[in-house]
Amino acid sequence: METAEYTNSKIEKGNYLSNNKDLFKLFIPIIIEQFLEFSVGLIDSIMVAHVGEPAVSGVSIVDMVIALFISIFASISTGGAVIIGQYLGAKDKENSKKSASQLVWFLGILSIIIMIILYLIKNIILTKLFSIEADVFYNANIYFLIVAASIPFLALYNGGAAIFRSVGNSKLPMKIMFIMNLLNIFGNAIFIYGFKFGVSGVAIPTLVSRIGAALIIIILALNKNNIVYLERTFKYKFDKYMLKRILNIGIPYGLENGMFYFGRIIVLSLVAMFGTVAIAANSVATNIVVFQVLPGMSMGIGLTVVISRCVGANDYKQAKYYTKKIMGIIYIGQIISSVIVLALLPLALKIYSLSAETTDLIYKLSWMHAIAMIIVWPLGYSLPVVLRASGDAKFPMIVSSLSMILCRIVLAYILGLYFNLGVIGTWLAMFVDWIVKGIIFVWRYLSGKWTVFKSI
């Protein structure tokens with residue numbers, strides 16, 4: 001809150017921040033929170049590896065499917081955060097509160113519908129979309145049945161976290177994520193090593209921790225002492241105009257993210273054709289390299305808060321100033337994170353009970369990812385955050401969707417199958433996707449066309 005108020009006061013005065021102190025107050029808790037969130041996947045994969053590689057593969061496949069829908073909630077939450085931030089920048093606290101309530105109610109209803117649909121088409125997803133062996137299917141089915149129940153709670157947590165970040169309070173989601181991570185780790189240890197539950201021993205603590213996170217953050221968001229809070233009611237009438245503003249950002253971003261994860265699922269179905277070793281290596285490498293990208297993803301969330309405030313106050317000069325400053329910080333952060341991850345890679349892989357072939361493949365993928373990410377990733381993923389926060393959400397959606405189809409999917413099949421590069425070919429296609437998007441988004445930003453949009 002302190003960060004948000006200080007930043008907003010500076011915007012009103014038309015001054016620039018003289019140092020990074022306030023930005024770091026916003027960014028550091030988000031980075032820690034995201035680290036904790038992604039470490040859940042890493043810890044789960046490490047612990048379930050003791051059950052066997054089919055278990056690792058089964059969990060990774062389901063997590064990829066679930067992630068597709070989680071991305072939708074995160075995208076809609078981003079739309080809500082943009083609208084809340086723009087209203088706060090315009091000093092309209094009443095509408096900022098109203099937009100927060102619209103966001104959470106919509107997420108709750110949508111997530112329940114998605115959960116029901118997923119249960120109905122579970123077998124179609126696991127049998128038709130992926131060409132997996134019987135033991136992988138067995139583990140994937142068990143994990144799916146349990147973890148899919150957490151979808152509504154993931155949606156509510158994303159909505160609640162977006163509200164608190166919008167007012168500058170990024171510490172609260174961080175603290176909640178820390179508590180839930182501890183619960184998840186202890187739960188995994190008890191159910192996997194103690195009760196020998198296998199894959200379900202990973203799934204149950206995941207479900208419980210997500211329920212806990214959602215309940216805590218929603219209860220705290222109901223506090224009327226907050227700058228922005230949720231209304232205490234079990235009945236709510238949707239405001240179509242307010243919801244439209246949120247969805248004008250959230251739907252394009254949701255479609256963009258949905259296409260991203262759908263593309264990853266299609267590519268994963270290709271990887272599944274290369275065998276269990278390829279699936280396991282792809283899964284573990286993905287869980288590891290996410291920590292290389294962590295600063296960029298985390299500060300992208302904070303960048304949404306900062307830019308939306310500037311746009312709400314009609315201060316595009318300051319929006320450009322923060323864009324340059326934060327992009328520079330992101331580059332520095334990702335260089336540091338990549339060096340740390342690569343340095344710890346040998347130690348991390350010793351923890352896994354994987355074959356030598358799988359381990360060697362993970363090494364190659366992790367190094368390739370680090371090099372490509374340091375050079376081009378922020379341009380393809382951090383820069384479009386500025387466009388969305390200003391209201392220019394459709395352009396990134398179109399560019400990212402087309403690039404996903406042509407580069408990440410089509411090129412993955414060409415390199416993976418035609419050139420016989422296997423899983424390495426699918427990762428090379430991903431890097432080409434980054435380059436293409438980076439070039440286009442730089443052009444869009446420099447053109448200044450994003451400054452003509454505003455959501456409120």
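Read-outs throughout are calculated quantities, based only on the coordinates presented, and are distinct from any laboratory measurement. In this text, all values refer to a predicted model and were calculated from it rather than measured experimentally. So basically every Cβ, Gly included, is an ideal-geometry build from the backbone, and we count neighbours across all protein chains shown.
Worth pointing out:
- Projected label distance in nm at E94 and I124, using a 7 Å step from Cα toward the beta-carbon: 4.7 nm
- Positive end of the dipole of the chain (Cβ unit charges, origin at the Cα centre): among N139, I301, S337, the Cα lying farthest that way belongs to I301.
- Grouping the Cα pair distances of the stretch 47-136 into 10 Å bins from zero gives a pair-distance distribution of 14, 31, 24, 17, 11, 2 percent in increasing distance order.
- The residue among Y87, A149, L68 whose Cα reaches farthest toward the positive pole of the charge dipole of the stretch 2-452, with charges on the beta-carbon of Lys, Arg, Asp and Glu, is Y87.
- Net length available on complete extension from S269 to F419 is 52.2 nm, with 0.36 nm assigned per residue and the Cα-Cα distance removed.
- Taking a ≥ b ≥ c as the square roots of the eigenvalues of the alpha carbon gyration tensor, the stretch 32-88 is oblate, as a/c is not under 1.5 and a/b does not beat b/c.
- 0 to 90° range, to nearest 10: angle between helix 134-147 axis and the chain longest Cα axis: 30 degrees
- Shape category assigned to the stretch 282-417 from the gyration tensor of Cα positions, a/c cut at 1.5: oblate
- When each of the peptides 221-233, 397-409 is scored by how many other beta carbons lie within 10 Å of its residues on average, the order from highest to lowest is 397-409, 221-233.
- Full-extension gain in nm, L182 to S355, via 0.36 nm per residue minus C-alpha separation: 59.4 nm
- Across the stretch 420-432, coupling constants 3J(HN,Hα) worked out from phi with the 6.51/-1.76/1.60 Karplus curve, θ = phi - 60°, read 6, 8, x, 5, 4, x, 5, 6, 4, 4, 4, 5, 5 Hz, and Gly and Pro carry x.
- Cα Rg, Dmax (largest Cα-Cα span) when computed across the stretch 175-246, Å: 17.7, 53
- Each Cα pair under 8 Å and six or more residues apart adds its separation to the average, and for the stretch 296-419 the resulting relative contact order is 37 percent.
- Each Cα pair under 8 Å and six or more residues apart adds its separation to the average, and for the chain the resulting relative contact order is 23 percent.
- Rounded to 10°, Cα long-axis angle of helix 276-312 versus longest principal axis of the chain: 0 degrees
- Spin-label model distance (nm) - N141 vs I112, 7 Å beyond Cα toward Cβ: 2.9 nm
- Neighbour counts of other Cβ atoms within 10 Å put F262, F441 in the fewest-to-most order F262, F441.
- Part-to-part distance (alpha-carbon centres) for the stretch 58-89 and the stretch 206-249, which is given in Å: 14 Å
- Scoring 97-106, 303-312 by mean Cβ neighbours within 10 Å over their residues and listing the highest first yields 303-312, 97-106.
- Dipole of the stretch 2-452 computed with +1 at Lys/Arg Cβ and -1 at Asp/Glu Cβ about the Cα centre; of I211, G254, V51, farthest Cα towards the positive end is G254.
- Separation between Cα centres of the stretch 359-408 and the stretch 327-345, rounded to whole Å: 16 Å
- Pairs from the table (K175/K325; K93/K235; K171/K320; K98/K317; K237/K320) lying more than 32 angstrom apart at Cα are K237/K320.
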